[in-house]
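The values are calculated or read from the model by the stated rules, or taken from the named source; none is laboratory data. Note that the structure is a prediction, hence the values are computed from the model and not measured. Positions of Cβ are generated from backbone atoms using ideal geometry, with glycine treated the same way; all protein chains shown enter the neighbour counts. For accessibility, only protein heavy atoms count, side chains too; no ligands or nucleic acids. Shrake-Rupley method; radii C 1.70, N 1.55, O 1.52, S 1.80 Å.
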Amino acid sequence: MRRRTHDEKAAAREAARADMDAIIKRYQAKEPVSWIAGAYGVTAGWLTRCLEEWGVPRRPQHEVHDQRRPSAHVFRGRAPRRTPVQVRAAKEKFTDARTDVIARYTNGESTSSLAREFQVGHEWIADQLDAWGVPRRNQSAARSGKKGG
């Protein structure tokens with residue numbers, strides 16, 4: 001990605017200054033400064049300084065955090081422990097869906113995605129695919145330490 005020239009940055013700043021009323025309305029509607037800045041191609045710091053120059057009162061810090069998603073969506077914590085019976089049942093469910101799993105994997109679905117759905121380890125899934133004779137994607141590149149291209 002190429003860097004923007006000084007003239008391109010100056011043009012973006014001028015466009016933002018010209019659209020001052022719209023920017024102020026968006027800010028007062030509690031839209032994050034970073035989103036507004038991104039839409040105009042300027043930095044959030046520069047836009048914050050402009051808002052101060054234009055006499056727009058800053059929002060209280062707690063209002064800024066209201067725009068964020070609750071932390072439960074970001075971090076779900078550790079999964080509860082399962083009994084060996086539950087683990088065996090999950091693995092049986094996976095092996096019972098063998099044809100569907102093979103089709104999904106060959107169509108591009110990842111072992112991690114399958115692991116989340118069936119609640120088994122992705123390494124175990126890789127071993128199962130090997131046991132079933134399913135050709136693995138980028139297996140040789142992974143072994144040699146090279147990235148696939």
*asked:* For the stretch 55-98, give me the residue count where each residue is surrounded by 10 or more Cβ atoms within 10 Å (Cβ to Cβ) and either farther than 30 Å from A18 by Cα or modelled with pLDDT of 95 or more (or both).
replied: 14
*Could you tell me whether the stretch 99-107 includes any residue that is closer than 30 Å to G133 by Cβ, at pLDDT 90 or above, outside any helix (DSSP H, G or I) and under 24 Å from the mean Cα position of the chain (by Cα)?*
yes
*asked:* I need the full set of residues from the stretch 120-134 which are at pLDDT 90 or above, open to solvent by 40 Å² or more (accessible area, probe 1.4 Å) and either of a type outside the set (D, E, K, R) or within 15 Å of K93 (Cα to Cα) (or both), in order please.
replied: W124, A131, W132, G133
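May I ask you to say which residue of K25, K30 is basic (K, R) and in contact (Cβ under 8 Å) with a residue 12 or more places away in the chain?
That would be K30, the only listed residue that is basic (K, R) and in contact (Cβ under 8 Å) with a residue 12 or more places away in the chain.
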